[in-house]
2 protein chains.
Amino acid sequence: MNIREMQRSSIKGLKAYDPELLANYRYKVDANENGYDVPPLARKKILKEMKKVFFNRYPDPGAVKLKGILAKKNSVSPGSIVIGNGSDELIHYLLQAFTDPGDIIAAPAPSFDMYSILALANGATPVMVPLDDNFDLDEAATLKAVNGAKFIFLAYPNNPTGNCFSRGKILKIIKAAQGFVVLDEAYFEFSGKTFLPLLKKHKNLIILRTFSKAFSLASMRVGYMMADPEVISIINKVRLPYNVNVVSQACAAVMAQTAIAPVVKKILTEREKLYSALKKDYPVVKSDANFLLIKVNDGNYAKKMFEKSGISIRMFKDGRLKDFLRLTIGTPDENRAALAILKRGV
Amino acid sequence: MNIREMQRSSIKGLKAYDPELLANYRYKVDANENGYDVPPLARKKILKEMKKVFFNRYPDPGAVKLKGILAKKNSVSPGSIVIGNGSDELIHYLLQAFTDPGDIIAAPAPSFDMYSILALANGATPVMVPLDDNFDLDEAATLKAVNGAKFIFLAYPNNPTGNCFSRGKILKIIKAAQGFVVLDEAYFEFSGKTFLPLLKKHKNLIILRTFSKAFSLASMRVGYMMADPEVISIINKVRLPYNVNVVSQACAAVMAQTAIAPVVKKILTEREKLYSALKKDYPVVKSDANFLLIKVNDGNYAKKMFEKSGISIRMFKDGRLKDFLRLTIGTPDENRAALAILKRGV
């Protein structure tokens, strides 16, 4: 048996996603995690929940309790929500449920790599639309791309650039699109901007949220999707029935009811301090998220300097993002350490 | 937008998997869970691990520690292992990575429903081969079905029948198959029978194991696959990078190092007691797993009687399994309660 030949044709050229993380680090500012762990009271509640877990029993396949909390919090019906093992899984389910081989999946570039990787992994054809000089949507090109596309994925704010695309352009896209428009609002709690109020008006609008960023739960892998109930019921056809484990459901329920505004505020204050300190020396994108995209002089040298100091950052190597690094806004200690290197010149 | 029309063609006829669980119950013997929760010492270790979790950090995408433990335990290389968010996810990945639309997926019937559901959800064509009168493989029909099939899925022991198929027949199938032969050994710890020693000899052999049954971790969703390293590296192309969360990895690591033989022995002793008590009154399949398949006189009446007593069981309604119920061997209390109803005649 030639195992390689057995592969699905559409994934033969695909490479595994590589988060490119540094193995040993002192500071980790490479994955847009929250530098602050869950607050002490929430941690106490989580550990209390864990003590009550029946480890031998399957999770609630409908995640009824968590969906109830999220429905109330977001003023939507529980039938408009599905929970995922991270938003990644929900992006995958969308593609699995709604794309036939060869269907076009549009996304701006640069953006979150998983859109195109998962499109390919599902036999669809990704079409990347370059952002304009300000990393905003190219309106004409995007409108052209969504014509005939099954999906367009828009990270809002965008990752790795950090900015929110123009609201007016997105509205035009939602109205013009024949397929679904997925607003990936993974960093919504930092931007405060959302398309959620338009969900009822536009059947083709899909909103993704996550507990991995502002809610400090990257470890537990919980994302959720809000969409027309008919979209949700089709997703449930391909969803693995027990996709979200007991502890993740419990942790997300605790954090959904925990005030995160103080932590978000701390991060935003630090972000603005860093932005001000850096923009004199480097091109830096004005950010609506918990990270900054910075163009350094020499990417390889910068990476080395960060590694030498035990700081794991995300460095981009190719195309338009060559010599750009993405710096997660962490704790003041982490930020100071990163700033010191950048101030020395890299 | 007509959302239904947007669906992938191959899933239009698909229905969401329904575990058909009773909402309120006193005893739950419907999902082949372990009636015994993790042992006290393991629970202590798990809670200790949880206290150390950095909730704000992503899990190890490579699950290196857990794979190391499992590699040692099973005498295979870590490169022969991939961890899944339950075995369900691994079955899905196999289909996603290796089937093109229309590829044939063979499985005996009756068997685990997810093989055909996930085949359909991935655009493949399930071909079910009826088991013989003893619920063993029909050798000729199965050999014919694997000719040209991309996969055959064999649950070993089989679910919901509980028996292990003849080893000799499976060996012939492994040798004759042009595609992959997946031995789903979810209940291996109860049967003690495995094809693992043949893994190196047959490149087309794939073994699935789970922590959801004998290891009392259904809540945490951890399964694993052992296969040729080339199969594993292709699975890693479609695997979501952070598919197994931090706590699930930690729980599985603890349980992989916990002696489960005493619990398994208790369950097997109870199973034989129940089997002996029931076989005079009902056709019961001799079981290699932690459950019994029993043919009652009237399925609807039986279901009502169990529900009335607050016992959630799995009842089959259609085709060859009409009036068969699958009873998980639980704790002595659970078993006594189920036996009492069966002894009254249903």
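The values are calculated or read from the model by the stated rules, or taken from the named source; none is laboratory data. All values derive from a computational prediction rather than experimental measurement. With ideal geometry, Cβ positions are generated from the backbone for all residues, glycine too; neighbour counts draw on all protein chains shown.
Structure values in brief
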read-out: Candidate set: segment A:1-24, residues that are part of a loop (DSSP other than H, G, I, E, B) and in contact with a Phe, Trp or Tyr (Cβ under 9 Å, 6 or more places away or on another chain); chosen: the one surrounded by the fewest Cβ atoms within 10 Å (Cβ to Cβ); value: A:PRO19
read-out: Failed criterion for B:PRO241 (all others in (1) more than 29 Å from A:ILE3 (Cα to Cα); (2) within 7 Å of chain A (Cβ to nearest Cβ); (3) in contact (Cβ under 8 Å) with a residue 12 or more places away in the chain hold); value: (1)
read-out: Set A:LYS279, A:LYS286: member being of a type in the set (D, E, K, R) and free of Cβ contacts under 8 Å to residues at least 60 places away in the same chain; value: A:LYS279
read-out: Selection count, segment B:17-43, where residues are without any contact (Cβ under 8 Å) to a residue 60 or more places away in the chain and over 17 Å from B:LYS317 (Cβ atoms); value: 3
read-out: Filtered residue count, segment A:183-197, keeping only those that are hydrophobic (A, V, I, L, M, F, W, C), in contact with a helix residue (DSSP H, G or I) (Cβ under 7 Å, 6 or more places away or on another chain) and outside any loop (DSSP other than H, G, I, E, B); value: 2
read-out: Hey, A:ASN74 within 20 Å of A:LEU217 (Cα to Cα), out of contact with any His (no Cβ under 7 Å at 6 or more places or on another chain), in contact (Cβ under 8 Å) with a residue 40 or more places away in the chain and more than 11 Å from chain B (Cβ to nearest Cβ) or not; value: yes
read-out: Residue that is farthest from the other protein chains (Cβ to nearest Cβ) [pool: residues in segment B:35-67 that are of a type in the set (A, V, I, L, M, F, W, C) and under 25 Å from A:THR210 (Cβ atoms)]; value: B:LEU66
read-out: Candidate set from segment A:110-123 (those that are free of Cβ contacts under 8 Å to residues at least 60 places away in the same chain and surrounded by fewer than 24 Cβ atoms within 10 Å (Cβ to Cβ)); member that is farthest from A:ARG326 (Cα to Cα); value: A:SER116
read-out: Set A:VAL254, A:VAL247, A:VAL263: member being in a helix (DSSP H, G or I), more than 30 Å from A:PRO61 (Cβ to Cβ) and modelled with pLDDT of 95 or more; value: A:VAL263
read-out: Meets criteria (under 25 Å from B:ASP318 (Cα atoms), more than 20 Å from the chain's Cα centre (by Cα) and not polar (S, T, N, Q)) for B:ALA145; value: yes
read-out: Search result, residues across segment A:310-325 that are assigned to a loop (DSSP other than H, G, I, E, B) and in contact with a strand residue (DSSP E or B) (Cβ under 8 Å, 6 or more places away or on another chain); value: A:GLY310, A:ILE313, A:PHE316, A:ASP323
read-out: Residue match in segment A:128-143 (condition: crowded, with 24+ Cβ neighbours inside 10 Å, in contact (Cβ under 8 Å) with a residue 24 or more places away in the chain and hydroxyl-bearing (Ser, Thr, Tyr)); value: yes
read-out: Residue in segment B:209-217 that is part of a helix (DSSP H, G or I) and out of contact with any Cys (no Cβ under 8 Å at 6 or more places or on another chain) present; value: no
